[in-house]
Amino acid sequence: MSLVLDQNEIARSLRRIAHEIIERNRGTENVVLMGIPTRGVTLASRIADFLASIGSPVSVGTLDITMYRDDIALRPPKALVPTELPVEGIQSRDLVLVDDVLFSGRTIRAALDAIGELGRPSTVQLAVLVDRGHRELPIRADYVGKNIPTNFRETVRVQLLEVDGLDAVEVGER
Amino acid sequence: MNRHLLSVEDLTSDDALHILDTAHELSRITDGAIRKLPTLRGRTVVNLFFEDSTRTRLSFEAAAKRLSADVISFSAKGSSVSKGESLKDTAQTLEAMGAELIIIRHGSSGAAARLANSGWVGAHVINAGDGTHEHPTQALLDAYTIRSHFDKRGGNLSGIHVGIVGDILHSRVARSNALLLTKLGASVTVVAPPTLMPIGVESWPVNVSFNFDEVLPQLDAVMMLRIQSERMDESYFPSEREYSRMYGLGSNRMKLLKSGSIIMHPGPMNRGLEIASAAADDDKSVILEQVQNGVLVRMAVLYLTMGGPQLISEGVTP
């Protein structure tokens with residue numbers, strides 16, 4: 001496995017994403033974040049910390065997409081995680097979805113379906129720490145920490161302090 | 001999780017807790033705005049009921065529909081079974097129509113295991129009651145209900161004392177509950193007249209009592225069983241009135257209940273026989289919660305058995 005992002009670079013990427021969110025939405029008054037478990041939730045709360053230190057605090061939720069996946073018949077069933085809406089809800093908000101790696105785009109498709117059941121945000125935007133390419137659906141991210149060109153055999157491993165005990169993004173052969 | 005759910009004996013306590021935790025997460029999802037999940041869209045579930053049932057069949061149907069599965073309901077009455085079709089032919093016919101999961105209730109003990117393990121069909125099989133053997137989803141929903149009341153969510157049921165009272169002999173609910181609840185750490189006492197106590201009950205992991213009044217004050221949860229007149233030939237007790245006086249939960253016994261305890265019944269109730277209206281409608285009664293929880297637990301079971309790679313025509317329990 002070779003290191004692609006270290007702790008400082010991860011922090012810098014997330015701070016830049018926070019700035020871009022403010023710029024694109026002209027402030028954060030209407031912005032809410034929702035992280036996709038497990039590491040998307042951690043990243044969302046870190047971005048929220050940066051937003052609070054630069055501008056104004058935003059609220060964060062979590063979005064479990066397990067029951068919306070299209071590969072339920074292909075993989076062992078996953079344990080469910082609670083979905084928590086941001087305190088002010090998502091109706092007519094600018095909702096920024098946060099995930100660690102953007103790959104096929106199928107997770108995001110499932111997330112969009114899940115959001116559709118919860119309400120109607122005025123916009124849905126996507127922030128990811130890593131975009132590794134190989135999309136299978138017409139989905140793109142609005143905020144990307146780092147683009148990492150990969151081939152199919154490679155894996156991208158994101159580790160975060162709160163979950164894994166260290167901050168690192170690595171790429172390696174499967 | 002196994003391909004089939006035939007008996008609580010096949011479940012480890014971790015399996016059972018995983019089902020209960022999944023049901024709890026589903027309750028949080030479906031409490032809010034979401035009424036329906038797309039999880040099993042396009043997949044077909046068959047209710048194959050050879051015995052009469054209202055709540056179990058409807059509960060499975062509601063659970064499957066909330067997961068967007070297509071549900072075909074089959075009851076033996078008025079069907080080709082009354083023309084003499086065998087279980088094998090019926091099940092194969094249903095599978096040929098696209099059934100991926102068969103929920104079966106049958107009057108013969110072992111019918112669900114026969115269907116799952118004989119190689120007749122490749123579908124998943126869930127036992128919804130087979131003769132006097134088992135009714136695993138009922139035991140799971142009862143465990144879920146007990147757990148939610150004693151704030152043991154996430155943990156097991158250790159320290160909880162559950163009494164199962166009534167027709168233990170004919171009751172698959174009693175059998176499944178006794179096995180599951182003790183597996184989860186609860187202590188269980190079965191209470192019945194000697195004629196309605198099964199032979200070999202000593203080998204169950206439970207305490208046995210013939211004196212309801214003595215046991216009742218110790219119980220955290222008291223589970224009243226239905227007197228199953230369809231399996232009775234009237235000679236198990238002298239009269240309904242005597243049974244009700246000795247083993248029924250009437251208003252006179254309500255004062256013996258521990259504070260904070262709950263009253264359960266798998267339904268349908270014979271009001272005035274094993275349970276009086278005063279008990280069934282009391283604040284301690286969680287009988288309607290059991291019905292609600294039944295849908296959640298069955299959703300969890302459907303999701304966990306139908307999720308994962310399909311091994312069509314394997315037909316053998318791992």
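The numbers here are math on the coordinates, done by the rules we state, and not lab data. This structure is a prediction, so every number in the text was calculated from the model and none was measured. Here the Cβ is made from the backbone with ideal geometry for all residues, glycine too, and neighbour counts use every protein chain on show.
Quick rundown of the values:
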read-out: Gaussian network model of chain A, springs between alpha carbon atoms under 10 Å - residue of A:E88, A:E29, A:E117 with greatest fluctuation; value: A:E117
read-out: Share antiparallel - DSSP beta bridges, segment A:1-142, percent rounded to 5; value: 5 percent
read-out: Whole-angstrom gap from segment B:203-233 to segment A:46-84, using each part's C-alpha centre; value: 46 Å
read-out: Estimated FRET transfer efficiency when R0 is 35 angstrom, pair B:Q218-B:N2 (beta carbons, to 0.05); value: 0.50
read-out: Long-range tail of P(r) for the protein assembly as shown (Cα pairs > 30 Å, %); value: 55 percent
read-out: Cleavage-rule hits (trypsin sites (Lys or Arg not before Pro)) in segment A:89-137: DSSP loop, at most 10 neighbouring Cβ within 10 angstrom; value: none
read-out: Exposed GluC sites (Glu not before Pro) absent - longest run of chain B, DSSP non-H/G/I/E/B, at most 16 other C-beta within 10 Å; value: B:86-233
read-out: Residue with peak Gaussian network fluctuation, chain B [Cα springs, cutoff 10 Å], from B:D281, B:D130, B:D167; value: B:D281
read-out: Extension gain from B:S251 to B:A278, taking 0.36 nm per residue of separation minus the Cα-Cα distance; value: 9.1 nm
read-out: Over segment A:2-173: Kirkwood hydrodynamic radius from C-alpha pairwise inverse distances, Å; value: 16.3 Å
read-out: Distant alpha-carbon pairs in segment B:61-178 (separation over 19 angstrom), percent; value: 58 percent
read-out: Whole-Hz ³J(HN,Hα) from phi, Karplus 6.51 cos²θ - 1.76 cosθ + 1.60, for segment A:45-61, glycine and proline x; value: 6, 5, 4, 4, 5, 5, 4, 5, 7, 8, x, 10, x, 10, 9, 10, x
read-out: Per-residue ³J(HN,Hα) for segment B:90-100, Karplus 6.51 cos²θ - 1.76 cosθ + 1.60, θ = phi - 60°, Hz, x for Gly and Pro; value: 4, 5, 5, 4, 5, 5, 4, 8, x, 5, 9
read-out: Global size of segment B:81-146 as Cα Rg and Dmax, reported in angstrom; value: 13.0, 43
read-out: Prolate/oblate/rounded call for chain B, Cα gyration tensor, a/c under 1.5 rounded; value: prolate
read-out: Cut-off under 5 Å, modelled amide H: who pairs with A:D167 long-range; value: A:L161
read-out: Length gained when the stretch A:L74-A:S122 is fully extended (0.36 nm per residue, less Cα-Cα span); value: 13.9 nm
read-out: Cα centroid separation, segment A:133-163 to segment B:1-50 (Å); value: 32 Å
read-out: Segment B:49-142: trypsin sites (Lys or Arg not before Pro) falling in loop per DSSP and having at most 11 other Cβ within 10 Å; value: B:K77
read-out: Neighbourhood net charge (10 Å Cβ-Cβ; Lys/Arg +1, Asp/Glu -1) for B:S68; value: +4
read-out: Rounded to 5, the percent of DSSP beta bridges in the protein assembly as shown classed as antiparallel; value: 15 percent
read-out: Gaussian network model of chain B, Cα within-10 Å springs - most flexible of B:H135, B:H124, B:H18; value: B:H18
read-out: Nonlocal Lys pairs with alpha-carbon distance under 20 Å, the protein assembly as shown (8 or more apart, or different chains); value: 8
read-out: At R0 = 41 Å, FRET efficiency that the Cβ-Cβ distance of B:D52 and A:E84 yields, to 0.05; value: 0.45
read-out: Computed label-point distance, nm, for sites B:R241 and B:I72 using a 7 Å Cα→Cβ extension; value: 5.2 nm
read-out: Residues in segment B:159-187 reached by a label modelled at B:N117 [backbone nitrogen below 18 Å; 7 Å Cα→Cβ]; value: B:176
read-out: Values of log10 I(q)/I(0), in the order q = 0.18 Å⁻¹, for segment B:136-291 under a Debye, Cα-only, solvent-free model; value: -1.06
read-out: Efficiency of FRET from Cβ geometry, B:I199 and B:R41, R₀ 56 Å, rounded to 0.05; value: 0.75
read-out: Separation in nanometres of the label points that stand 7 Å from Cα toward Cβ, at B:K83 and A:T155; value: 5.6 nm
read-out: Distance (nanometres) between label positions extended 7 Å along Cα→Cβ at B:Q92 and B:L288; value: 4.7 nm
